[in-house]
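Peer 1: Take a look at this one; I'll ask things after.
The values are calculated or read from the model by the stated rules, or taken from the named source; none is laboratory data. Since the structure is predicted, the reported quantities are computational estimates derived from the model, not experimental observations. Side chains included, ligands, DNA and RNA excluded: accessible areas come from the protein's heavy atoms. Shrake-Rupley method; radii C 1.70, N 1.55, O 1.52, S 1.80 Å.
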Amino acid sequence: MSMELLADDFLNEFYTPAEANRARRTHLEGIVGFFPWMATVDAFQHWVYTHPGHSRSERSQAWLKLMDRFGGDVDWSGHEEARAYLWHRQLHIFLHPFYYVEYGIAQLGALQIWANSKRNKAQALTEYKRGLALGGSRPLPELFQAAGCRFDFSSETITPLIQLARTELAKL
């Protein structure tokens, strides 16, 4: 995910300027939209596993409550039943419980590396390679730190990253 964002500067090598901007826009919009979905999926899984014996109706109500919390201002009028079962589209819930949040962790690091590259590309690449060189030998907070990032999902960390994405989207 980091390399996808870092490669953004080189899309004009493969695309026309208009196509490159479309690719950039699609990529950044996907990232911004991903975090609320990831939060919904992760919170739903926690609810499912901490409420054994729940009914189908209770499960749907829990999902809908999380969709209200994280899902934004989408008008689902006429599609309420589809909304109640939207969690079915996330295969991770069925096959790899609690794995989906790992994509959020990776995207958190990727956005920070990208933000670092906007300030100092050479330093960001050096730090990124330093983190990669550690492989899985260290705990995630230490890997993030080696890469010049924070392992932190607080608004203090995420807000500036989303603001950067919004600023870049406004330029497109």
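Peer 1: Quick check: with the 1.4 Å probe, what order do Phe144, Phe151 take by accessible area, largest first?
Peer 2: Phe151, Phe144
Peer 1: List, in order, the whole-Hz ³J(HN,Hα) value for each residue of region 92-108 obtained from phi through the Karplus relation with A = 6.51, B = -1.76, C = 1.60 and θ = phi - 60°; use x for Gly and Pro.
Peer 2: 4, 4, 8, 9, 9, x, 6, 8, 4, 4, 4, 5, x, 4, 5, 5, 4
Peer 1: Which one of Val48, Val74, Val101 has the biggest mean-square fluctuation once the chain is modelled by GNM with Cα springs under 10 Å?
Peer 2: With Cα springs under 10 Å in the chain, the top fluctuation among Val48, Val74, Val101 is at Val74.
Peer 1: Using a 1.4 angstrom probe, figure out how much accessible area region 14-172 has per residue, in square angstrom, rounded to the nearest whole.
Peer 2: For region 14-172, the solvent-accessible area averages 61 Å² per residue.
Peer 1: Continuing with this model, one more query. Of Gly30, Gly148, Gly135, which is the most mobile in a GNM of the chain whose springs link Cα atoms less than 10 angstrom apart?
Peer 2: Its mean-square fluctuation being the largest, the pick is Gly135.
Peer 1: Can you pull the percent of the chain's accessible area that's carbon plus sulfur, 1.4 Å probe, other chains left in place?
Peer 2: 56 percent
Peer 1: When the helix-only estimate is applied to the chain (DSSP H runs of n ≥ 4, each -39,500 (n - 2.57), divided by the residue count), what is the mean residue ellipticity at 222 nm, nearest 500 deg cm²/dmol?
Peer 2: -22000 deg cm²/dmol
Peer 1: Then there's this: Taking only Cα atoms and a 10 Å spring cutoff, compute GNM fluctuations for the chain and point out the largest among Leu140, Leu95, Leu66.
Peer 2: Highest fluctuation of the listed residues: Leu95.
Peer 1: I want to verify the translational diffusion coefficient of the chain in µm²/s; compute it with Stokes-Einstein, Rh as the Kirkwood radius over Cα pairs, at 10 °C and 1.306 mPa s.
Peer 2: Estimated diffusion coefficient is 88 µm²/s.
Peer 1: Taking 2.2 N^0.38 Å as the expected size of a compact globular protein, what ratio does the Cα radius of gyration of region 103-147 give against it, to two decimals?
Peer 2: Against the empirical 2.2 N^0.38 Å value, I get 1.07 for region 103-147.
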